[in-house]
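Trainee: Pasting a structure below so you can have a look.
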Amino acid sequence: MFLMCGAKKEKCVQGVVPVDRQPLVCARALRVLSEPGPLVKYSQKVGGDPYDPDNNPKGYIDLGLAENRLCEELTTQKLRSLNLSREDESSLQYYPNLKGLTSFREILADFLDARFLPRKKINPEELVVASGTTAILDTLAFCLADPGDYFMVPAPYYYRIRNDFEDRARVKVLEVPLSPKAGFELTVKSFEIVYTVAKKQGKNIRGLLLINPNNPLGDVYTAHFLIEVLHFAFKNGLHVISDEIYALSVFDKNSRFRSILSLPFPDPERVHFLWGVSKDMGLSGYRCGVLHTCNKHVLQFATAVGIFHVTPPLMQRRLQHILADDDWLDTIYFPTLHKRLSVMYKAGCAKLSEMGVYVHPAKAGIFIWADFSPFLSEHTFAAEQELFIKFLEARIYVLPGKQSYCPYPGWFRIVFASNQHKVMEGLKRMEKVLKNLPSEKERATGKLD
């Protein structure tokens, strides 16, 4: 028999009063759980009831999760055509090299040489394979900074960056705010201003992170700007992390992507490059990213902790076959991807324009960064959240700007790299929500129907 004892509702044996108990989880866990990201809070709910035009037409349309599904049939066909007999090698049944399979890193080196045009041929021994760029950012945070140190990140930015730095390594993000009035333009001056103020406040800045092409803006940074950033970092002894996970998804024919690997480094040991197969290749489920660095200490650390985030050897071997097939990549996959990205981006922008929504012009990536601030009841993040909830009630999930740490309310990130029917149906649902909102005049006079 059990009795409830005390205000804590503790179960205890009859007649025995329990002593004070330790918390069920630690403060670190409670801190992480107190601020769940949208991936946990909303995406799993939305993913549990997905839209299907035939079988579930009232399901959620997910235009919030950053997945590239535009070439799904191409990658599926390619994977099915692989000669998988080699996958049965006994070596794949045991612990792999914690840096990644040697054969896979050699293929990755060739792939990066051909696609990112580095100034110096990539050495496979300067590559570390991990279970996605999230794992690599977590590793770099542990390796490059102590708890309480800062990395500067232009805002808005990919919402997981804060989690990747802070959840475990306790390294803080120092935001470099960008203004929509200036077209969200990022300059070296933007970093200098934030850096100077932070140093006066006694903050220890260890480096900066660039996402290029940018998530969520779709901007592609010029070689001139990147060189300026490298010299700013060199002057101040800062690390530069360049996350280039959308590098091969440039759909604007007038834009030229320049990898940081293609530029001269004034301080090579403080420059760290990331790429992964999740976005450009549409293979997020394969959980594979790659780190390139010339810093031997970083390489040694990433290898030492590699057991925590190994990409399974079977996945590496399958990816090896894909990334080594230049003919398929150059004649089928990438031309199709770029064409479809362009078509879907233009279609989404045209529909939003009909709705009276301004779109920040993108050149790459899988996002439309759209300004819904004219439709807010007031210019606050609370009003932005109200509109987000209305979208969610209409069974359409997009990411509100606050989740991307945008300094100004009203912006939303919309993923367009999916089935055209689904994307357009989602935008129609958003349009219906906007049409049912009170007009600006009604809001001003307080006379609502």
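Only the coordinates and a few stated rules stand behind these numbers; no lab work does. The structure presented is a predicted model; accordingly, all values stated were derived computationally and were not measured. Here the Cβ is made from the backbone with ideal geometry for all residues, glycine too, and neighbour counts use every protein chain on show.
Trainee: Between Ile389 and Glu354, what is the label-point separation in nm under the 7 Å Cα-to-beta-carbon projection?
Mentor: 3.0 nm
Trainee: Using a cut-off of 13 Å between alpha-carbon atoms, which aspartates and glutamates can reach Lys390, once sequence neighbours fewer than 8 places away in the same chain are excluded?
Mentor: Filter leaves Glu431.
Trainee: Looking at Gly306, Leu230, Ala145, which one has the Cα that reaches farthest to the positive end of the dipole of segment 98-325 (charges on Cβ: Lys, Arg +1; Asp, Glu -1)?
Mentor: Ala145
Trainee: For the chain, what does the helix formula give at 222 nm: sum of -39500 (n - 2.57) over DSSP H segments with n ≥ 4, over the residue count, nearest 500 deg cm²/dmol?
Mentor: Helices in the chain give a 222 nm mean residue ellipticity of -11000 deg cm²/dmol.
Trainee: Kindly provide the chymotrypsin sites (Phe, Trp or Tyr not before Pro) of segment 68-162 that DSSP labels as loop, not H, G, I, E or B, and whose Cβ sees at most 14 other Cβ atoms within 10 Å.
Mentor: Tyr94
Trainee: Same structure again: Anything over 21 Å Cα to Cα? Flag those among Lys78/Lys279; Lys181/Lys432; Lys235/Lys402; Lys346/Lys428, in the order listed. Numbers along the way, then the final one.
Mentor: Numbers: Lys78/Lys279 17 Å; Lys181/Lys432 28 Å; Lys235/Lys402 33 Å; Lys346/Lys428 16 Å.
Long pairs (Cα-Cα over 21 Å): Lys181/Lys432; Lys235/Lys402.
Trainee: Once you charge only the Cβ atoms, +1 for Lys and Arg and -1 for Asp and Glu, what is the size of the charge dipole of the chain about its Cα centre, to the nearest 20 debye?
Mentor: For the chain, the charge dipole is close to 760 debye.
Trainee: Using Cβ counts within 10 Å as a stand-in for footprinting exposure, how do Arg28, Arg318 rank, fewest first?
Mentor: Arg28, Arg318
Trainee: For Leu319, Leu174, what ranking results if the residue with the fewest other Cβ atoms within 10 Å of its Cβ goes first?
Mentor: With the fewest neighbours first, Leu319, Leu174 line up as Leu174, Leu319.
Trainee: Would you mind computing Rg(Cα) / (2.2 N^0.38 Å) for the chain, counting N as its residues?
Mentor: 1.06
Trainee: Post the alpha-carbon centroid distance, segment 94-162 to segment 359-378, in whole angstrom.
Mentor: The two parts, judged by their Cα centres, are 30 Å apart.
Trainee: Would you list which lysines come within 20 Å of Lys99, measuring only between C-alpha atoms, while excluding same-chain residues fewer than 8 positions from it?
Mentor: Lys121, Lys296
Trainee: Let me ask another. Could you tell me how far the Cα centroid of segment 312-350 sits from the Cα centroid of segment 243-257, in Å?
Mentor: 13 Å
Trainee: Follow-up. Under a plain spin-label model, where a point goes 7 Å from the Cα along Cα-to-Cβ, how far apart in nm are Asn123 and Asp54?
Mentor: 5.5 nm
Trainee: Give me the percent relative contact order of segment 98-325, please, defined on Cα pairs under 8 angstrom at least 6 residues apart.
Mentor: 28 percent
Trainee: Moving on. Considering the Cα positions of segment 98-325, please state its Rg to one decimal place and its Dmax as a whole number of Å.
Mentor: Both quantities, over Cα of segment 98-325: 16.7, 52 Å.
Trainee: Among all the aspartates and glutamates, which ones have a C-alpha under 18 Å from Lys203's C-alpha, if same-chain residues fewer than 8 places away are not counted?
Mentor: Within the straight-line cut-off, Lys203 pairs with Asp146, Asp149, Glu166, Glu175, Glu192.
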